[in-house]
There are 4 protein chains.
Amino acid sequence: MHSAMLYGVEDVRLEEVPCPEPGPGEVLVRVAVAPTCGTDLKVWLRGGHARMLVPPTPFGHEFAGEIAALGEGVSGWRSGERVVANNSAPCFDCFYCRRERFSLCENLLFNNGTFAEYLRIPAAIVRHNLLAVPPGLPLELAAMSEPLACVLHGVEEAGVRAGDTVVVMGDGAIGLMLVAVCAVRGAAVILAGGQSARLAVAEQLGAQVTLNYRQAGDPVGRLRALTEGGRGADIVIEATGKPAAWEAAIATARPGATVLLFGGCPRGTAVSVDTENLHYNELTLKGVFHNTPRHVREALALIACRRIAFELLVSDSLPLGKLDEALARMRDRTAIKVAMLPGS
Amino acid sequence: MHSAMLYGVEDVRLEEVPCPEPGPGEVLVRVAVAPTCGTDLKVWLRGGHARMLVPPTPFGHEFAGEIAALGEGVSGWRSGERVVANNSAPCFDCFYCRRERFSLCENLLFNNGTFAEYLRIPAAIVRHNLLAVPPGLPLELAAMSEPLACVLHGVEEAGVRAGDTVVVMGDGAIGLMLVAVCAVRGAAVILAGGQSARLAVAEQLGAQVTLNYRQAGDPVGRLRALTEGGRGADIVIEATGKPAAWEAAIATARPGATVLLFGGCPRGTAVSVDTENLHYNELTLKGVFHNTPRHVREALALIACRRIAFELLVSDSLPLGKLDEALARMRDRTAIKVAMLPGS
Amino acid sequence: MHSAMLYGVEDVRLEEVPCPEPGPGEVLVRVAVAPTCGTDLKVWLRGGHARMLVPPTPFGHEFAGEIAALGEGVSGWRSGERVVANNSAPCFDCFYCRRERFSLCENLLFNNGTFAEYLRIPAAIVRHNLLAVPPGLPLELAAMSEPLACVLHGVEEAGVRAGDTVVVMGDGAIGLMLVAVCAVRGAAVILAGGQSARLAVAEQLGAQVTLNYRQAGDPVGRLRALTEGGRGADIVIEATGKPAAWEAAIATARPGATVLLFGGCPRGTAVSVDTENLHYNELTLKGVFHNTPRHVREALALIACRRIAFELLVSDSLPLGKLDEALARMRDRTAIKVAMLPGS
Amino acid sequence: MHSAMLYGVEDVRLEEVPCPEPGPGEVLVRVAVAPTCGTDLKVWLRGGHARMLVPPTPFGHEFAGEIAALGEGVSGWRSGERVVANNSAPCFDCFYCRRERFSLCENLLFNNGTFAEYLRIPAAIVRHNLLAVPPGLPLELAAMSEPLACVLHGVEEAGVRAGDTVVVMGDGAIGLMLVAVCAVRGAAVILAGGQSARLAVAEQLGAQVTLNYRQAGDPVGRLRALTEGGRGADIVIEATGKPAAWEAAIATARPGATVLLFGGCPRGTAVSVDTENLHYNELTLKGVFHNTPRHVREALALIACRRIAFELLVSDSLPLGKLDEALARMRDRTAIKVAMLPGS
Ligand SMILES: NC(=O)c1ccc[n+]([C@@H]2O[C@H](COP(=O)([O-])OP(=O)(O)OC[C@H]3O[C@@H](n4cnc5c(N)ncnc54)[C@H](OP(=O)(O)O)[C@@H]3O)[C@@H](O)[C@H]2O)c1
Ligand SMILES: NC(=O)c1ccc[n+]([C@@H]2O[C@H](COP(=O)([O-])OP(=O)(O)OC[C@H]3O[C@@H](n4cnc5c(N)ncnc54)[C@H](OP(=O)(O)O)[C@@H]3O)[C@@H](O)[C@H]2O)c1
Ligand SMILES: NC(=O)c1ccc[n+]([C@@H]2O[C@H](COP(=O)([O-])OP(=O)(O)OC[C@H]3O[C@@H](n4cnc5c(N)ncnc54)[C@H](OP(=O)(O)O)[C@@H]3O)[C@@H](O)[C@H]2O)c1
Ligand SMILES: NC(=O)c1ccc[n+]([C@@H]2O[C@H](COP(=O)([O-])OP(=O)(O)OC[C@H]3O[C@@H](n4cnc5c(N)ncnc54)[C@H](OP(=O)(O)O)[C@@H]3O)[C@@H](O)[C@H]2O)c1
Ligand SMILES: [Zn+2]
Ligand SMILES: [Zn+2]
Ligand SMILES: [Zn+2]
Ligand SMILES: [Zn+2]
């Protein structure tokens, strides 16, 4: 079968490799669609990821498809069934799992390799994070369950309620999902991003106001000016992965706000936090990473209910052979997400 | 001015009364629109309400309008401003308010009389529960803040999440609001109601399945059959005010479910609860009544964000003089809510 | 080895059986102490338990001891280590586990047979619910982790805070633990029970007032009279397993209260609930059953910190051969818990 | 009457001033005991406090006493009644109060002047934060309700549970209260402080381990070494008000931890936070300031239940005339709290 392997900085190669065989408890899936995401782009630009991907390595982690074969001892599933799987599953046994902090599981094994014709799903994921795609739901949409699960995890931590003024920073696929999820709960969402086409999508997804952070100075001042009495936002969610944006996010928050630091910054970076603002204004700063099985289920359900136009996030489709082009479009910000189609 | 007075069973009369003067801290509002609701109907049919309305009494409790005059010492508001007010405000001082249980406030004074040209808003409501209607939002929609605040209060207690299977019982305006609010959060909502036109509205508001409880026997069995593995619903919300429906609601719940008992039944009635089901299945039964200032704000915000077609609930508009006809339509289930227009 | 087998109503026999061998993933424990509990008594009096125990069956479910042998593949433990294990573990895979409702796990296998010299711990319990006893903590105390975990689970659901007036009904070991746990959090605890010696223990454990439900009429009236303004209790926890006590518990609650229905009543019984009280007074009725791994850990930690005199609950110790006598003392209410000592 | 006035740096003078008269809604209290606290010390050393105290100003904010006179319109209280009052009350009306964030109230008026024979209680505090001291509870203990309310507010935000490893930094009265409150909930508390006598008190209050931060290097390393597997603490609470301690607190936290930043640092200071640690380890950093009416009530109840030896915190008593000496003892760390006795 064809499979994309990452070798280094901007070096991904489509190779012919043997089709994997599902071992005991495993499932083999034919990948129908594998969307690209901002993290793929980051990894491609950097040539790897300290925690998740050491090259050479199979590449890609979002997908939906059909079950092609079942490993020994797998029950409850049948060949041909339409499925989506998360890229990891917790162990339920480690220090963190025992404290019900599943996204911090010490034994989280990331399953990569969705930019391929077939993908093997490890037993732990089969058991805990493989889901049937509801009838009628396009696989292209179901494939977004993993990133949306991260988003729902974050939004739950932030405690967004109707009427909250939420500032989102970052207009990538993640920022746009955050906009959509907060808006549908009745929050007044303000998005700061870098590109007008994406800001337009944000408005279609429910953003009340959008702002191009590159144009005109003082984005923090402009964002604060958009909030009631200039107090700052009730909730700020950073989704850029830039330390400067983290500091801007904190500066945009009102007293009592929660600031969600959703974007992973480059290793070794730090931000400066004013003690008076944090203490007397009772700020809550929360790092949030990855997802949990409950959020994966909630994500698929939210996609399936079709109240949010997630299709707006998949700006292009390309055959698997054009992965380089897809990543280049991501880099050049001309695509939000590209649906890679291994079958075409 | 003209004002509707309730005298007894199905006896409401439009009378000419002096226009009220706003006292210190009070505000006088010109009522632009005053929707009818199921509680109005109940009170009209029974000729009063033990807790809230002893005839003869001004009638009606939902409205939106414009500020006509300000009492002494009122600041922060100006004449002509478009507003909506809740029908009560907590005292922040009693046993319950001190425990932040504002809907149980011992000093909750209900402000009735919205079926009139002008309405006086007591000082406590001015201070805590009078809200400016955002520009561009039709007053007809803003007027639904009070009942929607009750609904949001209930839904918060129920803890609805994406992917939950929620059964709502009752297809009045309240049941339909519950459907809409749960659906927009990604819940799979099943509605049981009594009339096909309302069930059709529920589907427009996002219900996945609807069921006419009058047709065919065993609604509980049919509802359970619609849930995953026949286990029952994750959350059941009763909005009929009938003891039989309360028992049906409990019987429709899966282990671990929350059953929200939203509809007030006739005084003196009781339901029977099986101890094994409640204890070993860890059911949570929750009575929920009225709203809180926070929910009133959230309700107006949710209406204002226009993600839910609340306009579907206002099936008719009539001049104030046709209040009898409006209530008759409510009784005959040919209207969901009627917008009474004192100005026309 | 010697092991107690339950054969039927008040028919438990000490038999010589082969010592079990630990299979893969399992652990064999030498039982040092196995306390009796109210559920054991109930099962002994009824000759079995529909859900958990069909005779003939090994008997007893609380214990602490030392690891005697490790099955294949067990790591992280060593022979001689002092341990306590819960009597069950969730599967982390079923409908309920996926929703993080571990006490409702569909695959909960109850491990009975602690009234024996040795006990085999199934692999799932080894993995999730086997805990090391901290140095210096008497095994007799550690052995109470399982019931205390149920109690902590319940108290968490009830949301007890400092200053709450909590009424506990039932002065068995469970009721006394509830008293101690609520009192240490600063609640004002009132206990209603049936026997003066137990009520005296409750006072040592922090109950502010105790009441003998058998003496003088109208316990509900007397309990309410003890609460602020006669409003009723902020939280009521029923721990008797009697339908009449359930109804008394509901009647003792103030508006806005949570009533925890902790005691399992006989199958087929029901209680009657007044709709007005439940709805307008916003009561929350919660069934609560069993425990979760997190609560088992919290229970052992709470025992280990020695802030609560749990030793007061173990009124007697007897050699395993005197199990009949121990159960008779439980039945006659002359013992709270009896520590069975298989080694003596 | 005699009243202490703060004039500047280490300049507090006992003056003869007219006894205040209670206005409408106000209450006059005879101060029986007014404990010193770390904030008083800070203010005395700095000669004021930007937010709360601009000299010349009456000084002191903790006390308990007896009602001496009632202003017009005050009901529900009688002369001679033993009371304690918080030093502030929220307005229930501002932006923050409407969001139920009472400690951030924009209209919080701080009532100072407890180092005096009599104290006037403003109407808002009478209405919301004046409490009767339960019979039998020494006023000296009741007087600690205000700081303990801050502590309970913080501990609630931190979500401390039995079995959590909690590191507290700071062995002032606040740090010691934090130790006591966490320990009584079954947490394993580790305290880092600066003075052996205070560390000994911490052990009496339930600290499992204490550490002198001045002795030997690398307190963070030593604290981490005390936690399970060296992972760091489940919860870290900083109560020193030093930026270096804030950074040490963050460095002591395990992944998934909550770090409570309880101590207010000097204006204009900042801390540096590593982005990788905050994001991938899902840390929660929370500033927490002041208290709420609910916590004031909970604090008095917790003191009254006498499960915690709060008397250990009041190391000395002195007549009001010796306030200078009391503050000097605080400065020299030879007193934890000094009970000032205006009547002696
Ligand atoms: N927590 C989790 O579980 C999780 C899961 C998935 C992703 N993430 C993280 O979330 C972040 C966003 O992911 P993504 O896929 O959406 O990434 P992306 O496609 O790189 O999008 C980031 C966007 O932020 C914009 N941006 C940069 N600086 C900004 C600023 N100061 N203000 C406003 N916008 C700014 C960028 O615009 P320009 O390019 O025009 O500057 C870009 O469009 C990444 O850091 C990713 O690692 C976290
Ligand atoms: N908790 C609160 O704060 C709050 C606030 C507002 C209202 N409420 C209560 O909420 C309830 C609903 O209010 P509403 O204004 O929507 O009342 P409504 O207009 O009377 O609607 C109730 C609906 O329930 C239907 N129904 C009756 N029995 C049913 C059953 N067994 N299964 C399914 N549907 C059934 C009725 O249909 P048929 O007429 O065809 O039988 C009717 O359409 C009332 O009890 C009201 O008092 C509570
Ligand atoms: N939810 C869970 O996870 C869980 C876990 C363990 C146990 N339980 C249940 O909790 C309950 C208590 O357990 P236990 O071991 O403590 O049982 P227990 O030893 O039988 O104690 C029950 C006590 O309640 C007293 N009582 C009976 N009626 C009463 C009334 N109306 N008012 C006040 N007290 C009354 C009894 O006194 P007299 O005998 O003098 O009448 C008896 O001392 C049982 O139903 C048990 O099944 C639940
Ligand atoms: N959030 C709120 O609502 C609230 C309420 C009241 C107080 N506070 C704040 O809480 C903090 C503590 O109050 P307090 O009255 O207890 O103050 P305090 O009496 O000044 O005590 C602070 C203690 O921390 C010790 N300390 C200093 N640096 C340390 C370090 N690196 N590691 C460990 N211990 C260290 C000090 O010891 P040495 O003197 O020996 O160095 C001192 O004993 C203050 O900042 C106060 O402003 C906050
Ligand atoms: Zn794990
Ligand atoms: Zn009130
Ligand atoms: Zn399970
Ligand atoms: Zn305020």
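Here, each number is a calculation from the coordinates, and none is a lab measurement. Just so you know, these numbers come straight off a predicted model, no measurement behind them. A quick note on method: Cβ atoms are made from the backbone with ideal geometry, for glycine too, and the neighbour counts reach across all protein chains shown.
Some observations on this one:
- Electrostatic bookkeeping for B:L199 treats Lys and Arg as +1 and Asp and Glu as -1; over the other residues with beta carbon under 15 Å from its beta carbon, the sum is +2.
- For segment B:140-181 versus segment D:1-65, the spacing of their alpha-carbon centroids is 51 Å.
- Proximal lysines to A:K322, defined as alpha-carbon separation beneath 27 angstrom and excluding residues fewer than eight positions away on the same chain: A:K42, A:K337
- Bins of 5 Å, starting at 0 and running to the largest distance - Cα pair percent for segment C:150-287: 2, 11, 23, 25, 23, 11, 4, 1
- Residue-wise HN-Hα coupling along segment C:302-318, computed from phi with Karplus coefficients 6.51, -1.76, 1.60 (Hz; x: Gly, Pro): 5, 5, 5, 6, 6, 8, 10, 7, 4, 4, 5, 7, 8, 7, 9, 10, 9
- Sorted from nearest, the other copies put their B:V17 label points 5.1, 7.8, 7.9 nm away, the label point being 7 Å from Cα in the direction of Cβ.
- Calculated P(r) tail over 20 Å for segment B:1-96, as whole % of Cα pairs: 48
- Take every pair of alpha-carbon atoms less than 8 Å apart whose residues are at least six positions apart; their mean separation over the length of segment B:150-287 yields a relative contact order of 21 percent.
- Teacher prompt: D:G194 distances to equivalent labels in other copies, 7 Å Cα→Cβ, nm: 4.6, 6.0, 7.3
- Summed residue charge, Cβ within 11 Å of A:K322's Cβ, Lys/Arg positive, Asp/Glu negative: -2
- Under 14 Å from the Cα of A:K242 - aspartates and glutamates, other chains or at least 8 residues apart: A:D171, D:D274, D:E276
- Counted charge near D:V84, where neighbours are those whose Cβ lies closer than 12 Å (Asp, Glu -1; Lys, Arg +1): -3
- Charge-dipole axis of chain A as Lys and Arg at +1 and Asp and Glu at -1 on Cβ define it, positive-most pick from A:P24, A:V236, A:G8: A:V236
- Inter-copy spacing of D:V54 label points, which lie 7 Å from Cα along Cα→Cβ, given in nm from shortest upward: 5.2, 6.2, 8.0
- Rounded to the nearest 20, the size of the Cβ-charge dipole of the protein assembly as shown about its Cα centre is 0 debye, with Lys and Arg at +1 and Asp and Glu at -1.
- Sequence-separation-based contact order of chain A, relative, with Cα cut under 8 Å and 6+ spacing, percent: 18
- Averaged over B:292-302, number of beta-carbon atoms from partner chains that fall within 10 Å: 5
- For segment A:263-309, the alpha-carbon radius of gyration amounts to 1.81 times the rule-of-thumb value 2.2 N^0.38 Å expected for a compact globular protein.
- Share of pairwise Cα-Cα distances greater than 16 Å in segment C:119-185 is 58 percent (whole percent).
- For the options D:G76, D:G175, D:G221, a Gaussian network treatment of chain D with springs between C-alpha atoms closer than 10 Å singles out D:G76 as fluctuating the most.
- Hz values of 3J(HN,Hα) by residue in segment B:84-99 - Karplus curve (6.51, -1.76, 1.60), Gly and Pro given as x: 9, 10, 6, 7, 6, 8, x, 8, 6, 10, 7, 3, 6, 4, 4, 9
- log10 of Debye I(q)/I(0), alpha-carbon scatterers only, for chain A at 0.08, 0.10, 0.14 Å⁻¹: -0.38, -0.59, -1.14
- Segment A:117-131 versus segment C:307-322: alpha-carbon centroid distance in Å: 49
- Relative intensity, log₁₀ I(q)/I(0), of the protein assembly as shown from a Debye sum that treats every alpha carbon as a point, q = 0.04 Å⁻¹: -0.25
- What sits nearest the axis between copies B and D, counting only chain B Cβ atoms, is the residue and whole-Å distance B:F92, 2.
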